[in-house]
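Here the structure is laid out as structure tokens; the discussion comes afterwards.
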Amino acid sequence: MKSLIFYKTTADYDNTGEVLIYRTLLEYLRTLGNVVVDDVRSQSLFIERIGIQPSEKLSSFGKKSFLTFLLFCAIKNFFLRKKVIFATGVGDHSVRGVKGGVKNFIAGFFILFLRLCGVKVLRIGMSIKFEGFLSKLSERFLSLWVSNYFVRDSISAKNCVNAGVKKVKIAPDLSWGYQVKNVNAPNKSNIFVFSFRTYAASKKNQAEYKQKLKTSIVELINHICINPDNKVLLTHQCNADLAFMAEIKELFADNTNVVLVPDLITLDNAMNFYGKAKVVVSNRLHVLLLAYKYGALSICLTDLRNHKKIVGIFEDAGLSDLLVDFYNERFETVFEELCATQQEKWLKIHSVESCNRDALNEIFCAIKGM
């Protein structure tokens, strides 16, 4: 008898990075049993982009809400001895203050009830941080009832340990498990793809970061365009980034070698852009982790002091040499040196991906055997 997997999804269809990790988790969950996804409260285009099958949609089981149907199945299958798994936790999480702590306690009691009904609770694919004593205490309580508690970076693991979460483990970012076929070597071309958001850690501190980033991007594009054969594509994996890329293009209005791509890069068309690029430069984690899969060398340009999530994940993977600090006066030289060793660096990422995919496979095999 196959397990029943309830999969909580709360992401935006216009952020391909989120589509990437949610689709990858869906593929792993399918190896555990039959999946049920809340298509009622999720955006229809998001449901389409992560590849939900009609039989996996909550709406195909009737008019019950996701949580109501989960509770119904939990109680029913407690007597039938059928395994039920509740999967959640993907993405960035921040538990703050009294309100965040109270919500976390409520979630903890809900998970406790699920556990009493025999449901296995899986949290995976998340980065997390806490602000305040209550937020830490609530997470410690919630974690007691979670069967498998995984974060995707050592910074989040440290935050959890400091909060008193004893069962926390690190699982590689889910995007490492997404596979692209027929890419065997780094691309040989004169195309450089740029894709950036305007903040690193918080939108509250956006102005200074954006200005320094903008200046650095312009300097780097000018450096690349010294060679008239080089071409720069200004792209976006999240619709919110298009306006910033358009600002960059305005500064190169007369340069036909700098092209603004108006279309969102998705999992369906990524090959058309990343598959033709020698290098992809970005400050978005999942632009870099996706672009590599199509043969591009992924280079991160950001503020390494404050962009902790992306720095942490790259350092955990042993790829810190692909991080370029825009406060480094030699950042153009560092970039040039990375480009000169494209094949070596790309093969290094390939090796890391192989190890991380093996680690994810082991984790889901262990969950299946529980």
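The values are calculated or read from the model by the stated rules, or taken from the named source; none is laboratory data. Because the structure is predicted, anything quoted here is derived from the model rather than measured. Cβ coordinates were reconstructed from backbone atoms using ideal geometry, including for glycine residues, and neighbour counts include every protein chain displayed.
Among the residues making up segment 298-321, those that are in contact (Cβ under 8 Å) with a residue 24 or more places away in the chain, crowded, with 20+ Cβ neighbours inside 10 Å and among the hydrophobic types (A, V, I, L, M, F, W, C) are Ile299, Cys300, Leu301, Ile310, Ile313, Ala317.
Checked against (1) buried (at least 16 other Cβ atoms within 10 Å of the Cβ); (2) farther than 23 Å from Asn77 by Cα; (3) touching a strand residue (DSSP E or B) at 6+ places or on another chain (Cβ under 8 Å), Gly132 passes all but a single condition, namely (1).
I'm trying to understand the selection: among the residues of segment 242-282, which are among the polar types (S, T, N, Q), closer than 22 Å to Asn222 by Cα and touching a helix residue (DSSP H, G or I) at 6+ places or on another chain (Cβ under 7 Å)?
Just the residues of segment 242-282 that are among the polar types (S, T, N, Q), to begin with: 255-257, 266, 269, 272, 282.
Still in the running and closer than 22 Å to Asn222 by Cα: 255-257, 282.
Correct list: Ser282 only.
Counting only strands (runs of 3 or more DSSP E) wholly contained in segment 27-103, the ones carrying 3 or more residues that are within 20 Å of the chain's Cα centre (by Cα) and not hydrophobic (A, V, I, L, M, F, W, C) occupy 91-96. Going by the structure shown, is Val90 assigned by TED's automatic domain parsing to the domain that holds Ser127, farther than 30 Å from Arg197 by Cα and in contact (Cβ under 8 Å) with a residue 12 or more places away in the chain? In short, no. Scanning segment 158-186 for residues that are outside any loop (DSSP other than H, G, I, E, B) and in contact with a helix residue (DSSP H, G or I) (Cβ under 8 Å, 6 or more places away or on another chain) gives Cys160, Asn162, Ala163, Lys169, Ile170, Leu174, Ser175, Trp176, Gly177. Of the helices (runs of 4 or more DSSP H) entirely within segment 192-297, those holding at least 3 residues that are surrounded by fewer than 20 Cβ atoms within 10 Å (Cβ to Cβ), of a type outside the set (A, V, I, L, M, F, W, C) and at pLDDT below 95 occupy 206-224.
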